[in-house]
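Below: one structure, written as structure tokens.
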Amino acid sequence: MTPPPALVFDFGNVIAFFDYSIACAPLGAMLGLSGEELLAQARRDGLTELVVEYERGRMTTEEFGRAVRALVRLEELPHEDFVAAWTAIFRLNESVAGLLPGLKAAGYTLVLGSNTNDLHARHFRPQFAETLGLFDALVMSHEVGHVKPSVEFYRACAEAAGRPLGECVFIDDLPENVAGARAAGMVGILYQDTPSLVAELQNRGVAVSAG
């Protein structure tokens, strides 16, 4: 008999929504820009590359904070003020979080697999402690040294689940990450909304209910 799959959930925009423009709003206000304007400018100037390096664990929090403040020309901004802005970007996706207790009770192994960084993880772990407490393991890119869609990241998730890659279902909101999971040997599901996620899981024999 085939064992039930381990279920690996992405964090950002699956378990919780996030918006970098929220972080940029107080910083942009100091420069006469909206959060969206500052975010677009920062991305043009290399913010995305900095974030990826930080999410790989290749920069310390202090190095990252200094680099971002220099990038947006707010070098004199205190580190604590940057941290407060950078971490205030998350809100729980109640509909997906609501699926987890039933899945846990049904005996499914639950793993969180997230491209994230030290500052965000230190903030959202207590913020969403009740929901994250339902997971058997948390695989965070800055801790394992690999980011999606690298095969090493998916292997780390399977190892955390204690299952072979082929017995893991990976749920993510980004097509490239779902494609990476499939290439690694997992089942990949693209998260678009919770009703379609429930339907996808049910089609694969997962005992899940939207309540």
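No value in this document is a laboratory result; all are computed from the given coordinates. Because the structure is predicted, anything quoted here is derived from the model rather than measured. Counting neighbours? That spans all protein chains shown, and the Cβs are built from the backbone with ideal geometry, glycine included.
Length gain on complete extension for the stretch ASP81 to ARG204, per 0.36 nm per residue less the alpha carbon to alpha carbon distance? Before the final figure, lay out each step's value.
Values: separation 123, 0.36 × 123 = 44.28 nm, distance 4.60 nm.
Length gained between ASP81 and ARG204: 39.7 nm.
Label GLU143 and LEU190 with points 7 Å out from Cα along Cα→Cβ: what is the distance between them in nm?
Once both label points are built, they end up 3.0 nm from each other.
What distance in nm separates the two pseudo spin-label positions at GLU159 and ARG58, each 7 Å out from Cα along the beta-carbon direction?
2.0 nm
Report the gain in length on full extension from ALA67 to LEU134: 0.36 nm times residue separation, minus Cα-Cα distance, nm rounded to one decimal. Show your work: numbers first, answer last.
Details: separation 67, 0.36 × 67 = 24.12 nm, distance 3.51 nm.
Taking 0.36 nm per residue and subtracting the Cα distance, the gain is 20.6 nm.
Out of ALA25, ILE189, VAL208, whose Cα points farthest toward the positive end of the dipole of the chain (charges: +1 Lys, Arg; -1 Asp, Glu; placed on Cβ)?
So the residue furthest toward the plus end is VAL208.
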